[in-house]
1. Quick check on Ile141: is it crowded, with 17+ Cβ neighbours inside 10 Å, closer than 22 Å to Glu96 by Cα, in contact with a Phe, Trp or Tyr (Cβ under 6 Å, 6 or more places away or on another chain) and not polar (S, T, N, Q)?
2. Tally up the residues in the range 106-138 that are loosely packed, with under 13 Cβ neighbours inside 10 Å and within 17 Å of Met176 (Cα to Cα), please.
3. Within the range 115-122, does at least one residue satisfy the condition of being in a loop (DSSP other than H, G, I, E, B) and at pLDDT 90 or above?
4. Go through Ala171, Ala150, Ala160 for me and flag whichever is over 28 Å from Arg98 (Cα atoms) and outside any loop (DSSP other than H, G, I, E, B).
5. Which of the residues that make up the range 157-177 are touching a Leu at 6+ places or on another chain (Cβ under 8 Å), farther than 16 Å from Pro147 by Cα and hydrophobic (A, V, I, L, M, F, W, C)?
Amino acid sequence: MEGMRDGIDDCGDRDQPRAAGPLPDLARPSSAPAPDTLGDVRSRESQNVRRAARITRRDRHGHGLRGPLAPRGVPLARTRAQRFEDLVIEAVARLEGRWEAQLSAIEFAVEEVPPRPQPDDFDPVPLSRLHPAEPGRHARIVVYRRPVQARAEGEDELAALVSDIVVEEFARLLGMDPEDVDPGYAGGD
C-alpha cells in the first residue's frame with residue numbers, strides 16, 4: 001500500500017509530477033512587472049474595493065433590481081400624477097353634457113407646479129391658470145397638481161377641489177358665474 005501511495009498526488013492528479021519550488025503567479029501576465037511598492041498594491045486593492053462597492057450599491061441584498069409592486073391595469077399601479085389627471089378628466093366630463101360645443105375649443109393640461117413667481121409678487125401660489133385663445137391656438141386651462149394636492153386633505157376633498165377649479169376657470173373663460181356653469185358647484189364650502 002505504501003508503494004502505491006507514493007505515486008498518488010494529494011491533488012488527485014496522478015499523471016502530473018509535483019512541481020518543486022514556488023508556483024508561478026498565474027494572475028499576473030509574464031510581461032507585466034511585479035508591483036515594486038506598497039502603493040501599487042494598495043491602489044489595485046482600492047480599485048477592487050471600489051468596483052465591489054459599485055456592485056453592492058446597485059444590488060444591496062443580491063435579490064436583483066426591484067420591479068413594479070402591482071401589475072399594470074390595476075388601480076394600485078397608477079401613480080399620483082395619473083390619478084390626478086383622471087380627476088381633471090372626470091371634472092371636464094361632468095361639464096361635457098351641457099357645454100360640449102364650448103369645451104371642444106379648450107385644451108386642458110396638468111402641470112406639476114406653476115412657473116416661478118416674480119420677486120415682487122406676493123400673491124399666493126396659484127392652483128390653476130387660464131390662457132385665453134390666441135390666433136391659431138385654443139384657449140387652455142392648466143391645473144397645477146402639487147399646490148392642489150397640498151391644499152386637499154383626502155381623496156374626496158381632492159376630487160371636489162379639482163372639480164371646483166375646472167368649473168371656476170371654465171366659467172371665467174365664458175364670462176359667467178360658476179354656479180351657472182355647474183349647478184353642483186360647491187364654491188369653496
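1. Details: crowded, with 17+ Cβ neighbours inside 10 Å: yes; closer than 22 Å to Glu96 by Cα: yes; in contact with a Phe, Trp or Tyr (Cβ under 6 Å, 6 or more places away or on another chain): yes; not polar (S, T, N, Q): yes.
Spelling it out, Ile141 is indeed crowded, with 17+ Cβ neighbours inside 10 Å, closer than 22 Å to Glu96 by Cα, in contact with a Phe, Trp or Tyr (Cβ under 6 Å, 6 or more places away or on another chain) and not polar (S, T, N, Q).
2. Within the range 106-138, residues that are loosely packed, with under 13 Cβ neighbours inside 10 Å and within 17 Å of Met176 (Cα to Cα) number 1.
3. In the first step, residues of the range 115-122 are kept if they are in a loop (DSSP other than H, G, I, E, B); the result is 115-122.
Then drop every residue that is not at pLDDT 90 or above, which leaves none.
No, the range 115-122 has no match at all.
4. Numbers: Ala171 fails: over 28 Å from Arg98 (Cα atoms); Ala160 fails: over 28 Å from Arg98 (Cα atoms).
Selected residue: Ala150, the only one of Ala171, Ala150, Ala160 that is over 28 Å from Arg98 (Cα atoms) and outside any loop (DSSP other than H, G, I, E, B).
5. Val167, Phe170, Leu173
The values are calculated or read from the model by the stated rules, or taken from the named source; none is laboratory data. Because the structure is predicted, anything quoted here is derived from the model rather than measured. So basically every Cβ, Gly included, is an ideal-geometry build from the backbone, and we count neighbours across all protein chains shown.
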